[in-house]
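Participant: Provided herewith is a single structure, encoded as structure tokens, for subsequent inquiry.
The values are calculated or read from the model by the stated rules, or taken from the named source; none is laboratory data. Fair warning: this is a prediction, and the values are worked out from it, not measured in the lab. Counting neighbours? That spans all protein chains shown, and the Cβs are built from the backbone with ideal geometry, glycine included. Heavy atoms of the whole protein, side chains included, go into the accessibility calculation; ligands, DNA and RNA do not. Shrake-Rupley method; radii C 1.70, N 1.55, O 1.52, S 1.80 Å.
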Amino acid sequence: MEITVKHLTHIYQPNSPFERLALDDINVSIPFGKFITIIGHTGSGKSSFLQHLNGLLKPTKGEIIIGDHKIVADSKVKDLKSLRQRVGMVFQYPEHQLFEETVEKDIMFGPLNFGCTEDEARRRAREALEWVHLPESFLERSPFDLSGGQMRRVAIAGILAIRPEVLILDEPTAGLDPRGHREILDLFQWLNKEQGLTIIMVTHNMNDAALYSDEVMVMDKGRLVIKDRPEIVFSQRELLFDLGLDIPQTMHFLKRVSDKFGKDIVTPLFRLEETAHYVAQFLEKEKDGP
Ligand SMILES: Nc1ncnc2c1ncn2[C@@H]1O[C@H](COP(=O)(O)OP(=O)(O)OP(=O)(O)O)[C@@H](O)[C@H]1O
Ligand SMILES: [Mg+2]
């Protein structure tokens with residue numbers, strides 16, 4: 001199964017002085033099970049795109065097909081509830097949406113809303129808390145007495161407890177410290193690889209896009225410019241710079257080395273260890289001479 005987007009166009013406040021073309025004829029297909037990141041300059045349409053995937057926004061033109069759900073312009077989304085069960089959305093700063101007295105109640109809210117029994121919702125709350133690596137003792141705590149990173153995990157657990165097949169994330173690491181940042185990305189990677197969730201994540205961090213995704217979608221002014229493997233996307237430095245984007249740090253480093261030695265290093269690498277190893281070998285060869 002896959003997510004298919006055909007000719008998706010979205011205009012905010014059409015026929016008004018504030019009319020704004022946010023998405024312009026997007027065509028893309030995303031097979032289930034992939035980890036996709038979306039990058040693009042601010043205002044390029046990333047959040048607008050995400051919000052179409054669970055029916056929060058409706059297309060002005062075009063359609064979105066997710067399994068047996070179809071979202072088209074000018075008609076009500078059928079089975080919106082079941083679509084939202086399958087496609088879970090984590091907004092930016094999801095902790096702002098916590099509201100119950102205890103962590104347990106907060107995580108149970110989604111499953112109960114989608115028709116689970118109390119017992120099942122409670123069971124899922126425990127499981128989801130474990131998935132986000134928080135101890136069981138947190139269930140009885142108030143979500144408002146936790147650190148920012150912990151609150152974010154609770155909010156994500158609340159979505160996971162609904163057992164979505166697709167997880168949509170809008171800049172999920174914004175404002176986290178470096179450790180929290182890495183831990184949460186490792187969690188998404190685990191959910192993708194071990195639990196089979198499809199992940200679609202917007203990020204402004206090129207290193208994360210390079211390291212975690214199967215494919216990167218690059219957006220600009222409401223259009224999808226390129227969708228490909230990170231190795232291909234991040235080899236196009238001129239294109240990315242033109243779009244106001246950057247390349248991963250390892251790619252900057254490799255470029256400096258290749259400029260310094262007047263040789264083209266074209267191998268795209270994103271992991272520090274791999275890059276160090278590659279450069280060490282390169283220097284070794286340089287020392288030996290041609
Ligand atoms: N509710 C709205 N009403 C009118 N215009 C909007 C609305 N939301 C977004 N826009 C406009 O649509 C365009 C795309 O916005 P969107 O929020 O999708 O961009 P983005 O890529 O997520 O940006 P960022 O990186 O800043 O989050 C922008 O020009 C924005 O000003
Ligand atoms: Mg956005």
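Participant: Expressed as a rounded percentage, what relative contact order does the chain have, with Cα pairs under 8 Å and six or more residues apart?
Facilitator: With pairs under 8 Å counted, the relative contact order is 21 percent.
Participant: Pairs of Cα atoms under 8 Å, at least six residues apart: use those to get the relative contact order of segment 208-261, whole percent. Before the final figure, lay out the partial values.
Facilitator: Details: 43 pairs, mean separation 12.5, N = 54.
For segment 208-261, the relative contact order is 23 percent.
Participant: Filter the chymotrypsin sites (Phe, Trp or Tyr not before Pro) in segment 61-116 to those in DSSP coil with at most 13 other Cβ atoms within 10 Å of their Cβ, and list the result.
Facilitator: Loop-located and lightly packed - 99.
Participant: Can you compute the modelled spin-label distance between residue 82 and residue 118, with each label point 7 Å from Cα toward Cβ, in nm?
Facilitator: My value for the distance between the label points is 2.9 nm.
Participant: Dipole of segment 129-259, Cα-centred, from +1 at each Lys and Arg C-beta and -1 at each Asp and Glu C-beta, to the nearest 20 debye?
Facilitator: It comes to approximately 140 debye.
Participant: Rounded if a/c is under 1.5, else prolate if a/b beats b/c, else oblate: with a ≥ b ≥ c from the C-alpha gyration tensor eigenvalues square-rooted, which is the chain? All intermediate terms of the calculation are to be shown ahead of the outcome.
Facilitator: Numbers: a/c = 2.30, a/b = 1.36, b/c = 1.69.
Oblate.
Participant: I've got another one for you. Per DSSP H run of at least 4 residues, take -39500 (n - 2.57); add these up for the chain, divide by its residues and hand me the 222 nm value, nearest 500 deg cm²/dmol. Working shown, then result.
Facilitator: On the way: 11 runs with 117 residues, N = 290.
Helix contribution divided over all residues of the chain: -12000 deg cm²/dmol.
Participant: Taking the Cβ-Cβ separation of residue 194 and residue 99 as r and a Förster radius of 51 Å, what is the calculated FRET efficiency to the nearest 0.05?
Facilitator: The pair residue 194/residue 99 has a calculated efficiency of 0.95.
Participant: Among rounded, prolate and oblate, which fits segment 1-90 when a ≥ b ≥ c are the square roots of the eigenvalues of its C-alpha gyration tensor, a/c under 1.5 means rounded, and a/b larger than b/c means prolate?
Facilitator: Since a/c reaches 1.5 but b/c is at least a/b, the shape of segment 1-90 is classed as oblate.
Participant: Mind telling me which of 204, 69, 277 comes out most flexible in a GNM of the chain, alpha-carbon contacts under 10 Å?
Facilitator: 277
Participant: Expressed in nm to one decimal, what extension gain is obtained for the pair residue 272 and residue 229 from 0.36 nm per residue of sequence separation less their Cα-Cα distance?
Facilitator: Working it through step by step, the gained length comes to 13.6 nm.
Participant: If packing is taken as the mean number of other Cβ atoms within 10 Å per residue, what is the order of 196-203, 154-161, highest first? Each step should come with its number before you reach the end.
Facilitator: Working: 196-203: 21.4, 154-161: 24.9.
Highest mean packing first, the order is 154-161, 196-203.
Participant: Please report, ordered by residue number, every helix of the chain (full DSSP H runs) that is 15 Å or longer along its axis going by C-alpha atoms and whose mean Kyte-Doolittle hydropathy reaches 1.6.
Facilitator: Counting only whole DSSP H runs, no helix qualifies.
Participant: Can you tell which of 86, 256, 122 shows the greatest fluctuation in a Gaussian network model of the chain with Cα springs below 10 Å?
Facilitator: Looking only at 86, 256, 122, the largest GNM fluctuation is found for 256.
Participant: In nanometres, what is the gap between the two model label sites at residue 6 and residue 63, each 7 Å from Cα along Cα-to-Cβ?
Facilitator: The two pseudo-label positions are separated by 0.5 nm.
Participant: For segment 182-290, what does the relative contact order come out to in percent, with C-alpha contacts under 8 Å and a separation of six or more?
Facilitator: Relative contact order, segment 182-290: 18 percent.
Participant: For segment 267-290 and segment 184-243, what is the separation of their Cα centres, given in Å?
Facilitator: Their Cα centres are 25 Å away from one another.
Participant: Which of 276, 121, 22 moves the most in a Gaussian network model of the chain with Cα springs under 10 Å?
Facilitator: Checking each option, the largest mean-square fluctuation is seen for 276.
Participant: Here's a follow-up. I need the shape label for segment 123-266. Rule: rounded when a/c is under 1.5, else prolate if a/b > b/c, else oblate, with a, b, c from the alpha carbon gyration tensor.
Facilitator: In terms of gyration-tensor shape, prolate.
Participant: For segment 1-160, what does the equivalent ellipsoid look like in terms of its semi-axes, each the square root of 5 times an eigenvalue of the Cα gyration tensor, given largest first in whole Å?
Facilitator: They are 33, 18, 15 Å, listed largest first.
Participant: Measuring with a 1.4 Å probe in the full set of protein chains, what accessible area per residue, in whole Å², belongs to the chain? Can you show the working numbers first?
Facilitator: Details: 14790 Å² over 290 residues.
Result: 51 Å² per residue.
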